[in-house]
1. Give, as residue ranges, the strands (runs of 3 or more DSSP E) completely inside the stretch 1-101 that count at least 2 residues that are modelled with pLDDT of 75 or more and farther than 26 Å from Asn129 by Cα.
2. Could you check the stretch 78-98 and list, in sequence order, the residues that are open to solvent by 60 Å² or more (accessible area, probe 1.4 Å) and either among the hydrophobic types (A, V, I, L, M, F, W, C) or more than 22 Å from Pro62 (Cα to Cα) (or both)?
3. Within the set of pairs 6+ apart or on separate chains, which have a first residue in the stretch 47-71 that is basic (Lys, Arg), a second that is open to solvent by less than 40 Å² (accessible area, probe 1.4 Å) and modelled with pLDDT under 75, and C-beta atoms under 8 Å apart?
4. Which residues, taken from the stretch 99-135, are farther than 14 Å from Ala42 by Cβ and surrounded by 13 or more Cβ atoms within 10 Å (Cβ to Cβ)?
5. Residues Val120, Val35: which one is out of contact with any helix residue (DSSP H, G or I) (no Cβ under 8 Å at 6 or more places or on another chain) and among the β-branched types (Val, Ile, Thr)?
Amino acid sequence: MVKGLAEMNRRWGAIPAKVRQAARDTLEQNAEEIVADMRKAAPVGETGKLLFSINWTWGKAPAGTMVVGAVGASNSSDLRITIYAGGDDAFYARFHEFGTKNMTANPFFWPIWRARRRRVKSRLTRNINKAIKSL
């Protein structure tokens, strides 16, 4: 059991809807920007299926996709965004990202996430603090 979890859950439940909405809006904005950057960096194939497979969702990613990361509350699917790529139509996303025996890697997923991770977290913290101060 994590120390202080009950206290954190009690406090989180007391946060007004305005603060939760600020967190949702910020998470959504960050996800849109990261997905756009990943699509710019992804290799363009003949069909474009890889580009269209890069997306984000609230909660868990679709089955069979490569997950870059999730931002938000770990125990709440309404405040957790997951960014993913691949799936049934673009199963080869992993091949491009990590390479194969016969193909060099052409990473488009993890480098963007690593470059943006700090900005995402600081923007989220900043906007939540603004919402709390505005109450």
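The values are calculated or read from the model by the stated rules, or taken from the named source; none is laboratory data. On a predicted model such as this, the values are computed, not experimentally measured, just so you know. Here the Cβ positions follow ideal geometry from the backbone for every residue, glycine too, while neighbour counts run over all protein chains shown. These accessible areas exclude ligands, DNA and RNA; they are computed on the full protein's heavy atoms, side chains included. Shrake-Rupley method; radii C 1.70, N 1.55, O 1.52, S 1.80 Å.
1. Hits in the stretch 1-101: 65-72, 80-86.
2. The first filter runs over the stretch 78-98 and keeps only residues open to solvent by 60 Å² or more (accessible area, probe 1.4 Å), leaving 78, 80, 88-89, 91, 94-95, 98.
Within the stretch 78-98, Phe91, Phe95, Phe98 meet the criteria.
3. Hits for this filter: Lys49/Ala90.
4. Within the stretch 99-135, the subset farther than 14 Å from Ala42 by Cβ is 99-104, 114-135.
Answer for the stretch 99-135, where residues must be farther than 14 Å from Ala42 by Cβ and surrounded by 13 or more Cβ atoms within 10 Å (Cβ to Cβ): Gly99, Arg116, Arg117, Val120, Arg123, Leu124, Asn127, Ile128, Ala131, Ile132.
5. On the way: Val120 fails: out of contact with any helix residue (DSSP H, G or I) (no Cβ under 8 Å at 6 or more places or on another chain).
Only one candidate passes the filter, namely Val35.
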